[in-house]
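K.L.:
I have a structure I would like to understand better, so I am pasting it below and will then ask my questions one at a time.
Quick note: the coordinates plus some simple rules give every number you see, no bench work behind them. What you are looking at is a predicted structure, and each value in this text was computed from that prediction instead of being measured. Positions of Cβ are generated from backbone atoms using ideal geometry, with glycine treated the same way; all protein chains shown enter the neighbour counts.
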Amino acid sequence: MKRPLTSLVAAAVLGSLTLAAGCSGEPVSFDTPPASGAASAAPGGRDRAPDPGRGGGDAPADGGAAARTLMPTGPRAEFTTENTVDDGTKIGVTTLEGRKSGFTGKVWVWAPPQYFEPRYANSGFPVLIALPGGNGYPKNYWMGTDLKLQSSISRWSREGKSLPFIVVMPVLNPDDEYYYDGSDIPGREKMGTWMTEDVPDFVRANFRTFASRDGWAFMGSSSGAFVGLKSVLKHPDKFKAVIASGPDTVPDSPLWAGHEAEKAANDPEKLAKALSARPSAPDRDVYLAFQIGTRESGLGNLRSFIRNYGKGPVKTRLEVIQDGGHNARTYVRGMGDGSIQWISEHMLAPVPSP
């Protein structure tokens, strides 16, 4: 059963109020620098290609990340400003018509200050798909500035704790009545295809990214953590890492009734069991950063998951957040305590021009 999300919902409501107060609705372009001219140090404090295994995963240190850069493929979307981060960067929003899923929904995007620096004009950037708890419809609460996800990533990247991720925030479900478990449940909207194909295709169309899976990760809270976890385990060829905070580890949407085979194919425990039985290899190793607060339930379940499936290609880390509850603010704090740095060390970093 999905756990109570009182704190998460409260954070979402607060974020929506903050958003309404700060939203300008003006066009925003991710091809031009923010008005403040914000600039940052090189990601990870380096002005060169990352070393393998630290902000570079299995990429070679001789410019391999630059060679994997994928320039925007188009067609370009039209964004309007939803919010402005304290460094002057913008959170934009657009409506995406999913060509593969057939679902149409909102997507919010933030690009870090480094994205606008001339020295990175020819480099891809890693992508973090951020998913909320609750129904995540019609808004994704990570779009607000009150939870400080974007400003924290901006600061962490200057401090060498994080890569400068492009943060992508799609709606999680097609309505506020059911959880769809980020899956293609027969007879329902294809939310699995939306999340793992349409949203990444949209990002590649509009931003400088990496063709390699080493540039793609999820993060999420509660129900969003389940979707991110499941997506990485089901598609290790497309995504390399996830920060899963307070997650469920089994599918539990009521819409699965009568579709047991499809439900099993979207079960993180079954997916992890199958993947962990294979030999470790650079092209399929996945990095699962679990987070949980000491004031919420589920710690025993996560430790069991790690004990049973954290082997072979399934690499795991557990951040137990002291005095933390089942809420988004707790999880941002946990990211800063180590989770964001751990996944960053296994992913591709942008490479400055010589």
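K.L.:
Around Tyr115, under 15 Å between beta carbons, what's the net of Lys plus Arg minus Asp minus Glu among the other residues?
P.N.:
+2
K.L.:
Then there's this: Cα gyration tensor of the range 143-196, axes a ≥ b ≥ c as square roots of the eigenvalues: rounded (a/c below 1.5), prolate (a/b > b/c) or oblate?
P.N.:
Prolate shape, in that a/c is at least 1.5 and a/b is the bigger ratio.
K.L.:
Now, a different point. For Cα pairs less than 8 Å apart in space and 6+ apart in sequence, what is the mean separation divided by the residue count of the range 174-288, i.e. the relative contact order in percent?
P.N.:
Rounded, it is 26 percent for the range 174-288.
K.L.:
Net charge around Thr95, counting only other residues with Cβ within less than 10 Å of its Cβ (Lys, Arg = +1; Asp, Glu = -1)?
P.N.:
Cβ neighbours under 10 Å give a net charge of -1.
K.L.:
OK, next. Hey, got the dipole for the range 253-328? About the Cα centre, +1 on K and R Cβ, -1 on D and E Cβ, debye to the nearest 20?
P.N.:
300
K.L.:
A follow-up question, please. With a/c under 1.5 counting as rounded, go ahead and sort the range 181-229 into rounded, prolate or oblate using the C-alpha gyration tensor (a ≥ b ≥ c being the square roots of the eigenvalues; past the cut-off, prolate if a/b is larger than b/c, else oblate).
P.N.:
Cα axes put the range 181-229 in the oblate bin.
K.L.:
What nm value, rounded to one decimal, do you get for the distance between Glu78 and Tyr178 when each label is placed 7 Å out toward the C-beta?
P.N.:
My value for the distance between the label points is 3.3 nm.
K.L.:
If you don't mind, there's one more thing I want to ask. Which of the lysines could be linked to Lys230 by a straight reach, that is with a Cα gap under 25 Å, when you skip same-chain ones fewer than 8 residues away?
P.N.:
Hits, sequence-local ones excluded: Lys2, Lys100, Lys106, Lys139, Lys190, Lys238, Lys240, Lys263, Lys270, Lys273, Lys311, Lys315.
K.L.:
Name the shape class, rounded, prolate or oblate, that the alpha-carbon gyration tensor gives for the range 151-261, where a ≥ b ≥ c are the square roots of its eigenvalues, rounded holds for a/c under 1.5, and otherwise prolate holds if a/b is larger than b/c and oblate otherwise.
P.N.:
The shape class here is prolate.
K.L.:
Could you pull out every one of the aspartates and glutamates with an alpha carbon less than 13 Å from that of Lys161, ignoring same-chain neighbours closer than 8 positions?
P.N.:
Asp337, Glu345
K.L.:
Relative contact order of the range 231-340, please, whole-number percent, based on alpha carbon pairs below 8 angstrom and at least 6 residues apart.
P.N.:
Relative contact order for the range 231-340 comes out at 29 percent.
K.L.:
Give me the percent relative contact order of the range 291-354, please, defined on Cα pairs under 8 angstrom at least 6 residues apart.
P.N.:
Here the relative contact order equals 39 percent.
K.L.:
For the range 99-166 and the range 250-293, what is the separation of their Cα centres, given in Å?
P.N.:
Here the answer is 24 Å between Cα centres.
K.L.:
Under a point-charge model restricted to the Cβ atoms of Lys and Arg (+1) and Asp and Glu (-1), what is the dipole moment magnitude of the range 297-354 relative to its Cα centre, in debye to the nearest 20?
P.N.:
240
K.L.:
How big is D, in µm² s⁻¹, for the range 211-354 by Stokes-Einstein at 10 °C and 1.306 mPa s if Rh is the Kirkwood radius over C-alpha pairs?
P.N.:
The calculation lands on 103 µm²/s.
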